[in-house]
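One structure is given below, encoded as structure tokens.
The values are calculated or read from the model by the stated rules, or taken from the named source; none is laboratory data. Just so it is clear, the model here is predicted, and its values are computed rather than measured. FYI the Cβ positions are ideal-geometry reconstructions off the backbone, even for glycines, and counts take in every protein chain you see.
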Amino acid sequence: MPPQPEKAENVAFLGCSPKALPHNIFAFLDVLKRMGISSVTLGGGELCCGGLANMTNPPVGQSLGQILVEETIKTGADYIANTCPFCALAFYPYLRRYSFKVKGIADKINQ
């Protein structure tokens, strides 16, 4: 996670498990590139949506989600694209308060 992320219209959130599923991440980024969608990437390491944690420990999940939202806001993005349904669900509580929209990869393809 860069200290000052690049500004971009789109953020590709890679989730917190790229090491476990690198083929999914590479395919996701390849699809965005082939569609001509430029984006900055966020994810990996400790940056997590908190979606799964919300089910077992809501305060931890909400804290993780808030950190991700703050990092997304720094990019100035209008859209955040992701491949994980937990990530998409984790963003919904924040959508009324912030200007970006969450798009799954299928949503971006169907525009």
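Please list, ordered by residue number, the helices (runs of 4 or more DSSP H) wholly in the chain having 2 or more residues that are at pLDDT 85 or above and among the acidic types (Asp, Glu).
The qualifying helices (runs of 4 or more DSSP H) are 58-75.
So, LEU42, is that one crowded, with 19+ Cβ neighbours inside 10 Å, of a type outside the set (Ser, Thr, Tyr) and touching an Asp or Glu at 6+ places or on another chain (Cβ under 6 Å) or not? In short, yes. A search for C-beta distances below 6 Å between a residue of segment 43-70 that is under 15 Å from LEU21 (Cβ atoms) and any residue that is surrounded by fewer than 20 Cβ atoms within 10 Å (Cβ to Cβ), counting only pairs 6+ apart in sequence or on different chains, returns GLY44/PRO18; LEU52/PHE86. For ALA77, the conditions (1) small (Gly, Ala, Ser); (2) in contact (Cβ under 8 Å) with a residue 40 or more places away in the chain; (3) over 12 Å from PHE13 (Cα atoms) are fulfilled apart from (3).
Total residues in segment 26-39 satisfying the condition of being crowded, with 19+ Cβ neighbours inside 10 Å and hydroxyl-bearing (Ser, Thr, Tyr): the figure is 1.
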